[in-house]
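The structure appears below as structure tokens.
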Amino acid sequence: MRVAELWRYPVKSLQGERLAEAAVDALGIAGDRRWALFDLDTGLGLTARRVPELLFASARLRADGGVEVVLPDGTVTTDDGDISGWLGRRVELRAADERGDVAPTYETPADEEVPDPTEWLQWEGAPGPFHDSPRIRLSLVSTGTLGTWDRRRFRANVVLDGAGEDALRGREAELGGVRLRFGLPISRCVMTTRPQPGGIARDTSVLKTIHRERDGLLAVRAAVLTSGTVRTGDVLVPA
């Protein structure tokens with residue numbers, strides 16, 4: 001399998017940026033999920049599970065290492081007031097705790113397969129960068145697994161041209177200058193069904209199919225054993 005696409009998502013649940021190459025360390029792609037939006041009235045972190053509108057804004061890193069948000073109307077901002085005005089709720093853009101001492105709390109539907117959920121549960125994310133789990137630092141999926149589904153629904157860091165990532169569980173591999181150890185597949189949630197810019201419509205059949213045919217799992221997670229650079233075109237070489 002070869003790297004077809006590389007993606008970084010600086011702000012959790014916002015659209016990200018496609019990269020030609022990426023520096024990767026133990027926390028994943030540099031700048032990935034390093035910021036998130038928090039509801040100031042509830043204290044909860046926001047994701048597109050609960051606030052689907054988030055998928056219609058995007059985030060990108062600045063040259064100075066900071067982040068900026070591009071709202072659906074094209075406004076480029078770092079101002080909490082601008083973002084709050086767009087979402088209609090008081091929010092704050094927060095950087096991840098670099099020490100990893102704080103684990104944020106989010107909301108998820110009690111039943112992921114209900115199209116319009118009304119019952120929500122709270123769950124604790126990873127400390128440090130705003131990944132869903134401390135075990136998901138880098139996510140990979142292949143075009144063979146995706147089939148006709150738009151890869152943007154699954155927000156993987158690495159899209160591989162080919163097939164076979166499911167068989168890598170428990171194995172190590174070289175990808176460019178990075179050494180990876182593959183872990184469990186990734187459990188998918190209602191976010192895969194959400195509409196997104198670029199003609200991606202709401203489609204509840206995506207998650208139903210993943211549950212029916214793949215036990216709710218799609219894409220794989222990997223721990224980074226050796227830091228380095230990954231580039232489009234790099235070949236995944238299992239150890």
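Using a Förster distance of 30 angstrom, determine the FRET efficiency expected from the C-beta separation of Arg2 and Ala63, and round it to 0.05. Walk me through the numbers before you get to the answer.
Values: r = 30 Å, r/R0 = 0.99.
The formula returns an efficiency of 0.50 here.
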Given the -39500 (n - 2.57) contribution per DSSP H run of 4+ residues, what per-residue ellipticity at 222 nm results for the chain, rounded to the nearest 500 deg cm²/dmol? -2500 deg cm²/dmol
Treating the Cα atoms of segment 5-82 as identical point scatterers in vacuum, please give the log10 of the normalised Debye intensity I(q)/I(0) at q = 0.17, 0.26 Å⁻¹, two decimals. -0.68, -1.36
Can you tell me the 0 to 90 degree angle between the C-alpha axis of helix 205-214 and the longest principal axis of the chain, rounded to 10? 40
Taking the Cα centre as origin and putting +1 on Lys and Arg beta-carbons and -1 on Asp and Glu beta-carbons, what dipole magnitude results for segment 1-116, to the nearest 20 debye? 300
Percent of all Cα-Cα pairs per 5 Å bin for the chain, counting from 0 up to the last occupied bin, reads 1, 6, 14, 19, 20, 18, 13, 6, 2, 0, 0
Positive end of the charge dipole of segment 2-238 (Lys, Arg +1 and Asp, Glu -1 on Cβ, about the Cα centre): tell me which of Leu140, Leu40, Trp120 has its Cα farthest that way. Leu140
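Work out the length of the dipole vector of the chain about its Cα centre, built from +1 on the beta-carbon of each Lys and Arg and -1 on the beta-carbon of each Asp and Glu, and round it to the nearest 20 debye. Present the calculation step by step, with values, prior to reporting the outcome.
Numbers: 32 positive and 36 negative charges, 133 e Å.
About 640 debye.
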Quick one: dipole size for segment 112-239, taken about the Cα centre, charges +1 on Lys/Arg Cβ and -1 on Asp/Glu Cβ, in debye to the nearest 20. 260
How would segment 118-197 be classified by its alpha-carbon gyration tensor: rounded, prolate or oblate, with rounded meaning a/c under 1.5 and the a/b versus b/c comparison settling the rest? oblate
Post the alpha-carbon centroid distance, segment 206-239 to segment 40-100, in whole angstrom. 26
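Laboratory data are not the source of any read-out in this text; all were calculated from the coordinates shown. As the structure is a computational prediction, the values presented were derived from the model and not from experiment. FYI the Cβ positions are ideal-geometry reconstructions off the backbone, even for glycines, and counts take in every protein chain you see.
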